Amino acid sequence: MTDTPQLSEEHFEIIRRDALEPATRTSHAPRILLLYGSLRDRSFSRLMTEEAARVLERLGAETRSFNPSGLPLPDDGDASHPKVQELRDLVTWSEGMVWCSPERHGAMTGIMKAQIDWIPLSIGAVRPTQGKTLAVMQVCGGSQSFNAVNQLRILGRWMRCLTIPNQSSVPKAFQQWGDDDRMKPSPFYDRMVDVMEELVKFTLLTRDVAPYLVDRFSERKETGESLIARVNRTAT
């Protein structure tokens, strides 16, 4: 059952276990970027990420949040826009991310999607999201739903993130926060803690080997063939 004539042997590699076990581990705190999907004065997706950031910092992570206010719509501005640059710089800085969106009309918000759309699959030779861990959460105005987190998972896969298994969806968000804008103790708060705990674990586990985890046979082959074609064009 090892007859594989379709394979390009030049680019096929046996899995190297040593590449999955780095000799040294990065020692700095895991760098986590949090994005939220609402600009309301009392945005529950923002309040959710603030609670998540507090937990992440208790877990030893360094956190930064992006305020999407002033971010232009995709294609309605230039990549040189200060808010676009700020977002892209934060994504480059991060080793993991948290995406939290309200559910609006059965889907993530346009504000959430616009932020993700401004993150390119590649900047020069660098793929800013590839290999980074990702946790997804949503807040609901009514009964519990998973439409937004399901869509965020699709986007995370498209952006080549390592999206963790756990997730959080908070129903009737207006009931889960007090007048002090702090989330009340509840199973929904506990689930958020579970998600952040898992995110930090996966980030610590994968960040030093992320380039190898996302190294692909098809891309090694394509790169090699492109190089040969370029050399041949130069020779002729």
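The values are calculated or read from the model by the stated rules, or taken from the named source; none is laboratory data. Just so you know, these numbers come straight off a predicted model, no measurement behind them. Note that each Cβ is placed from the backbone with ideal geometry, even for glycine, and that neighbours are counted across all protein chains shown.
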query: Across the stretch 55-110, what is the number of residues that are closer than 24 Å to Gly131 by Cα, among the aliphatic types (A, V, I, L, M) and not in a strand (DSSP E or B)?
result: 10
- prompt: Is it the case that some residue within the stretch 211-219 is within 26 Å of Glu57 (Cα to Cα) and modelled with pLDDT of 70 or more?
  reply: yes
task: Go through the stretch 137-181 residue by residue and tally those that are more than 18 Å from the chain's Cα centre (by Cα) and either more than 20 Å from Glu103 (Cα to Cα) or in a strand (DSSP E or B) (or both).
output: 5
query: Just one of Ile111, Ile164 is in contact with a Phe, Trp or Tyr (Cβ under 6 Å, 6 or more places away or on another chain), surrounded by 16 or more Cβ atoms within 10 Å (Cβ to Cβ) and either in contact (Cβ under 8 Å) with a residue 60 or more places away in the chain or more than 23 Å from Pro72 (Cβ to Cβ) (or both); which is it?
result: Ile164
